[in-house]
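K.L.:
First the structure, which I've put down as C-alpha cells, then a few questions once you've had a look.
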Amino acid sequence: MTIRVGLAGTGRIGSAHAEILKALPTVSEVVVADADAERARATATKLGAEFAPDIETLLASDIAGLVVATATDSHPELVVAAADRGIPVFCEKPVAADIAGTLAVIRHVENAGVPLQVGFQRRFDAGYTAARAAVASGELGWLHTLRATTLDPAPPPAHYIPRSGGLFRDCGVHDFDIIRWVTGREVSEVFVLGANRGERFFADAGDVDTAAALLRLDDGALATVSLSRYNGAGYDVRLEALGSRGNAVVGLGDRAPLRSMEPDHPASPFPAHPGFLERFGRAYAAELSVFTEVAAGRAENPCGPREALEAFYIAEACELSRREHRPVTLAEVR
C-alpha cells in the first residue's frame, strides 16, 4: 500500500526531502507547497511531483502524511493545522521556537491523537546506531566521557539567524538529542561559554557563532559539546563515547575534516563533507521512509515530540547558562 505525502517548504532541506520522498516505494505521489509558490512550482516540475499553490490546498489534497520543512516560526501553525485534519506529521526540529510553544503543540497533537515525528536524523545514521548498540551491550563498560562536535564549514545567511532559535536550539540540539539516545541517560546540569569571532550579525541577533558546553549526565558521566559556524576545513560532526573498557567513535572516517600533524600519517585523499545533507543523506532517507510507515499505521513513531522536548530543555539550559555565565540545572528550565 502506497500513500500520498504532502511537503511544506521547498528550500534546501525541503527540496532534498521531496526528492527522497519521490523515490520511496511507499509513496505514490508527492504534493509540494511553499510560501513562495513559484519556488514550489519549480520543485514540482523538476521532480515530477504535484504542485499546490498554498498550504490550504496542500492540506486538502487527500494526503496521508505531511512533511514540514519550513522556517521554524511556521512549524506550530502547520503541525496544528495538519493534526486538526487527522494528518500524521513529520516536522523538522524544532517543533516551536520556545518551550511554551512546544508544549502547546504537543498537547494539541496528543489531544488530536495524530502521530508527530520530529526530525532528528542522527538516530537513523549507521554510526550512531552502532554506538548506541555498543553502549547498551556493555562492551564499553561504564562511560566516563562523551565528546560531541557539530562544526559547520560556513555560517548560514544573516537573515536566517534571528529566526533560527540560536546556536543551541538550531544546531546543538542534535548533539543533545543524540547524547541522550546513544547513552540512554538524561542530562542533569550544564555550563556553557559562547564566543563571537565571525560576522557581526550573530551578536546583533543575541546569538553566538561558537560555543563549548559541559554537560553532566544523571549517572555522573561528563559530556562536552563543541559548536561552531566557522569550521573552514569542512563539515565536522562526531561523537566519542569513552568507557572503562573501550570506546566508540562516530564520524571518524576518510571524509572527516581532520588533519594529522604526524609525519607518518598520510592525509586522506577524500574531500570533507561540504554540509549536513551530504553527510546524512542516507539517514534522512531512512527517517522519511519510517515516517511513511508511521503515517500508514504500519510502524510506531520512533521520535515523538516529547523526545524532542527533552533535547530542547537541554538547549534552553545551555542558552541560560551562556547568558548568565553560570551552571544551570535542567530542573530550572522544566
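K.L.:
Pulled fully out, how much extra length does the chain show between residue 203 and residue 267, if you take 0.36 nm times their separation in residues and subtract their Cα-Cα distance?
P.N.:
On the way: separation 64, 0.36 × 64 = 23.04 nm, distance 3.61 nm.
So the extension gain works out to 19.4 nm.
K.L.:
Could you please put 61, 226 in sequence from largest to smallest accessible area, using a 1.4 Å probe? Write out the running numbers ahead of the final one.
P.N.:
Values: 61 25, 226 45 Å².
Per-residue accessible area, sorted high to low, gives 226, 61.
K.L.:
Then there's this: Amide H to amide H, which residues 5 or more places from residue 27 or on other chains are under 5 Å from it, using H placed in the peptide plane?
P.N.:
For residue 27, whose amide H was placed from the backbone, the distant partners under 5 Å are 3.
K.L.:
If you don't mind, there's one more thing I want to ask. With a 1.4 Å probe and all protein chains left in place, how much accessible area per residue does the chain have, in Å²?
P.N.:
On the way: 14790 Å² over 334 residues.
Counting only protein heavy atoms, the per-residue value for the chain is 44 Å².
K.L.:
Shifting gears a bit: Of all the accessible heavy-atom surface of region 3-114, with the other protein chains kept in place and a 1.4 Å probe, what percent is carbon and sulfur? Numbers along the way, then the final one.
P.N.:
Numbers: 2350 of 4470 Å².
The nonpolar share, carbon plus sulfur, comes to 53 percent.
K.L.:
Then there's this: Work out, step by step, the length gained on full extension between residue 224 and residue 195: first 0.36 nm times the residue separation, then minus their alpha carbon distance; give nm to one decimal.
P.N.:
Working: separation 29, 0.36 × 29 = 10.44 nm, distance 1.60 nm.
This chain segment gains 8.8 nm when fully extended.
K.L.:
Against the longest principal axis of the chain, how steep is helix 126-137, in degrees 0 to 90 to the nearest 10, with axes from Cα atoms?
P.N.:
Long axis of 126-137 versus the principal axis of the chain: about 60 degrees.
K.L.:
Order the peptides 234-247, 251-264 from the highest to the lowest mean number of other Cβ atoms within 10 Å of their residues. Intermediate results must be reported in sequence, preceding the final value.
P.N.:
On the way: 234-247: 18.1, 251-264: 11.9.
Top of the packing list down: 234-247, 251-264.
K.L.:
Residue 42 versus residue 4, label points 7 Å from Cα toward the beta carbon: distance in nm?
P.N.:
The answer from the label model is 2.6 nm.
K.L.:
Would you kindly state how much longer the chain becomes between residue 99 and residue 331 on full extension, computed as 0.36 nm times their sequence separation minus their alpha carbon distance, in nm to one decimal? Display every interim value, and only then the final one.
P.N.:
Details: separation 232, 0.36 × 232 = 83.52 nm, distance 1.35 nm.
Extra length from residue 99 to residue 331 when fully extended: 82.2 nm.
K.L.:
Mind listing the Cα extents of region 93-151 along all three principal axes, in Å, largest one first?
P.N.:
That works out to 42, 27, 20 Å along the principal axes.
K.L.:
Here's something else I'd like to know. Determine, for each peptide in 62-70, 190-198, the mean count of other beta carbons within 10 angstrom over its residues, then list the peptides with the highest first.
P.N.:
On the way: 62-70: 23.2, 190-198: 17.8.
My ranking of the peptides, most packed first, is 62-70, 190-198.
K.L.:
For Cα pairs less than 8 Å apart in space and 6+ apart in sequence, what is the mean separation divided by the residue count of region 3-114, i.e. the relative contact order in percent? Each step should come with its number before you reach the end.
P.N.:
Details: 209 pairs, mean separation 27.5, N = 112.
Relative contact order of region 3-114: 25 percent.
K.L.:
Same structure again: Would you compute, for the Cα atoms of region 1-158, the largest minus smallest coordinate along each principal axis and list the three values in descending order, in whole Å?
P.N.:
Here the Cα extents, ordered largest to smallest, are 54, 43, 36 Å.
K.L.:
Once you wrap a convex hull around the alpha carbon atoms of the chain, what is its projected area averaged over all directions, in nm²? Walk me through the intermediate numbers first.
P.N.:
Details: hull surface 71.4 nm².
Answer in nm², one decimal: 17.8.
K.L.:
Also, I was wondering about something else. Starting from the Cα gyration tensor of region 187-295, take the square roots of the eigenvalues, sort them a ≥ b ≥ c, and report rounded, prolate or oblate (rounded when a/c is under 1.5, otherwise prolate if a/b is larger than b/c, else oblate).
P.N.:
Rounded.
K.L.:
Could I ask something else about it? In whole Å, what is the distance between the alpha-carbon centres of region 144-196 and region 1-69?
P.N.:
So the two Cα centres are separated by 29 Å.
K.L.:
Can I ask one more? Using θ = phi - 60° and the Karplus curve 6.51 cos²θ - 1.76 cosθ + 1.60, what whole-Hz ³J(HN,Hα) does each residue of region 104-116 get, with Gly and Pro shown as x?
P.N.:
Once rounded to whole Hz, the list reads 5, 5, 4, 4, 5, 5, 5, 5, 7, x, 10, x, 10.
The values are calculated or read from the model by the stated rules, or taken from the named source; none is laboratory data. Worth saying up front: this structure is predicted, and the values here are computed from it rather than measured. Here Cβ is always computed from backbone atoms with ideal geometry, including for glycine, and neighbour counts include all displayed protein chains. In case anyone asks, the SASA skips ligands and DNA or RNA and just uses the protein heavy atoms, side chains included. Shrake-Rupley method; radii C 1.70, N 1.55, O 1.52, S 1.80 Å.
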